[in-house]
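Peer 1: This is the structure, below, for whatever I ask next.
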Ligand SMILES: *Cc1c(COP(=O)(O)O)cnc(C)c1O
């Protein structure tokens, strides 16, 4: 047999499953035997456990992170005619759901160190229509929440966190998701806390808002067939809730392993080529959902690594204000120079808790060889 090198993926969910297989298989079998599949005991237990993990009183488990963003807006009565301030440097769902809710997205540029919302730029973006600020904890690094919250409090605006990439990340010792009025999470399989399918949640200390979100996610139904308002179907199913309950127990350990991988990368990639490595603000603990480097030779480096059997990916190829689907916002290139620059230069390297020291070394060797050619 010919010996081939196994390619190194961006994330290896198979390896993780093998490490928890017995627990996960048992939890899924229990759901099947219990024959209750929607909003049963697993859903309710996960809601309690995830709220406690985030340091808040309440949690509404939903069908996706996208729905979490949409229903957060609905629960706060933010809709047509309103404006929400967010960033162009994020996954499309953040802005897609503003548009779906009838809200006009207003952008501020991102910070060059954290790649998250730059609070210094909020000042000139507010109008009488502004209802909320929506920062994103990008790549697992918390946004600078104190100045964002102070700005919002002075003007009576809600703060909604998009924490879809940052389960467990800390800002001044507090978990993201607990720092605004509502915190939105995704449990897409590749997220730091990922289901084996789709899933999402909104967490909050405001129990009434969480109850409204649970109602909106169940066709606006408070009690059986009592439709109080127009809702949607968005419920975390029992199997995903059971999987997430198993995985939640390991989240802190997995995040610590991600930080160890990031630290190793930091050591072996320091001073290589023109690389800019991720930095952590001193008051933050990132959970490194992604390990994103910057280089002026991004595309060439990506192709080189691919030939060497190492996966990499661009998060994201374009800032949202330049996407065709948001053309109607009439925003031009040059409007948000930091987001545009990062999108031209960013490359995500393999990053997952089970990644070995040797694998990090291999990636570093190949990157070193690329810059020496
Ligand atoms: C993944 C993600 C979402 C959407 O979550 P889904 O569960 O895929 O719908 C929203 N915002 C950000 C920043 C994300 O990374």
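Peer 1: Once you order the gyration tensor axes a ≥ b ≥ c over the Cα atoms, which shape class does segment 245-373 get: rounded for a/c under 1.5, otherwise prolate or oblate by comparing a/b with b/c? Could you put the intermediate results ahead of the total?
Peer 2: Values: a/c = 1.95, a/b = 1.26, b/c = 1.55.
Oblate, since a/c reaches 1.5 and b/c is not below a/b.
Peer 1: Now for a different question. How high is the relative contact order of segment 298-346, given as a whole-number percent (alpha carbon pairs under 8 Å, six or more residues apart)?
Peer 2: For segment 298-346, the relative contact order is 40 percent.
Peer 1: With springs only between Cα atoms under 10 Å apart, run a GNM on the chain and tell me which of 256, 35, 346 wobbles the most.
Peer 2: 35
Peer 1: Treat the count of other C-beta atoms within 10 Å as a stand-in for reagent exposure and order 127, 19, 186, 234 from fewest to most. Present the calculation step by step, with values, prior to reporting the outcome.
Peer 2: On the way: 127 9, 19 13, 186 29, 234 23.
Going from sparsest to densest Cβ surroundings: 127, 19, 234, 186.
Peer 1: For a label point 7 Å from the Cα of residue 372 along Cα→C-beta, name the residues of segment 254-298 whose backbone N is under 19 Å from it.
Peer 2: 265-275
Peer 1: Cut-off 16 Å, label point 7 angstrom out along Cα-to-Cβ of residue 57: give me the residues of segment 27-50 whose amide nitrogen falls inside.
Peer 2: Of the residues in segment 27-50, 48-49 have backbone N under 16 Å from the label point off residue 57.
Peer 1: Taking 7 Å along the Cα-to-C-beta vector as the label spot, tell me the residue 314-residue 15 distance in nanometres, rounded to one decimal.
Peer 2: Simple spin-label model gives 2.7 nm for this pair.
Peer 1: Please report the relative contact order for segment 212-251, taking Cα pairs under 8 Å with a sequence separation of at least 6, and give it as a percent rounded to a whole number. Before the final figure, lay out the partial values.
Peer 2: On the way: 35 pairs, mean separation 12.0, N = 40.
It rounds to 30 percent for segment 212-251.
Peer 1: In nm, what is the difference between 0.36 nm times the number of residues separating residue 303 and residue 250 and their Cα-Cα distance?
Peer 2: Numbers: separation 53, 0.36 × 53 = 19.08 nm, distance 3.42 nm.
Full-extension gain reported as 15.7 nm.
Peer 1: Given the DSSP H assignment, sum -39500 (n - 2.57) over each helix run of at least 4 residues in the chain and divide by its residue total; what's the result at 222 nm in deg cm²/dmol, nearest 500? Don't jump to the answer; show the numbers that get you there.
Peer 2: On the way: 11 runs with 141 residues, N = 373.
Rounded to the nearest 500, it is -12000 deg cm²/dmol.
Peer 1: For segment 183-220 and segment 107-152, what is the separation of their C-alpha centers, rounded to whole Å?
Peer 2: 22
Peer 1: Can you tell me how segment 129-233 classifies by the Cα gyration tensor, rounded, prolate or oblate, using a/c under 1.5 as the rounded cut? Write down the numbers at each step before the final one.
Peer 2: Values: a/c = 2.50, a/b = 1.28, b/c = 1.95.
It comes out oblate by the Cα gyration axes.
Peer 1: Quick one: order 225, 115 by neighbouring beta-carbon count within 10 Å, fewest to most. Mind dumping the intermediate values first?
Peer 2: Details: 225 6, 115 24.
By the 10 Å Cβ count, ascending: 225, 115.
Peer 1: While we're looking at this one, here's another question. Using a Gaussian network model on the chain with a 10 Å cutoff between Cα atoms, which of 143, 68, 253 fluctuates the most?
Peer 2: Maximum fluctuation in the GNM of the chain, among the listed residues, is at 253.
Peer 1: Please work out the FRET efficiency for the pair residue 22 and residue 263, using the Cβ-Cβ distance as r and a Förster radius of 41 Å; give the result to the nearest 0.05.
Peer 2: Working: r = 31 Å, r/R0 = 0.75.
For R0 = 41 Å, the calculated efficiency reads 0.85.
Peer 1: Using r as the Cβ-Cβ distance of residue 113 and residue 35, and R0 as 45 Å, what FRET efficiency do you calculate, to the nearest 0.05? Each step should come with its number before you reach the end.
Peer 2: Working: r = 51 Å, r/R0 = 1.14.
Using R0 = 45 Å, I get an efficiency of 0.30.
Peer 1: Could you compute Rg(Cα) / (2.2 N^0.38 Å) for the chain, with N its residue count? It would help to have the intermediate numbers written out before the result.
Peer 2: Values: Rg = 20.9 Å, N = 373, 2.2 N^0.38 = 20.9 Å.
This ratio for the chain stands at 1.00.
Peer 1: Exposure proxy check: 28, 160, 210 ranked by fewest other beta carbons within 10 Å?
Peer 2: Placing the least packed residue first, the sequence is 28, 210, 160.
Bear in mind these aren't lab numbers, they're just calculated from the coordinates by the rules spelled out. Every value quoted in this text rests on a predicted model; they were computed, and no experiment measured them. Cβ atoms come from the backbone with ideal geometry, glycine included; neighbour counts cover every protein chain shown.
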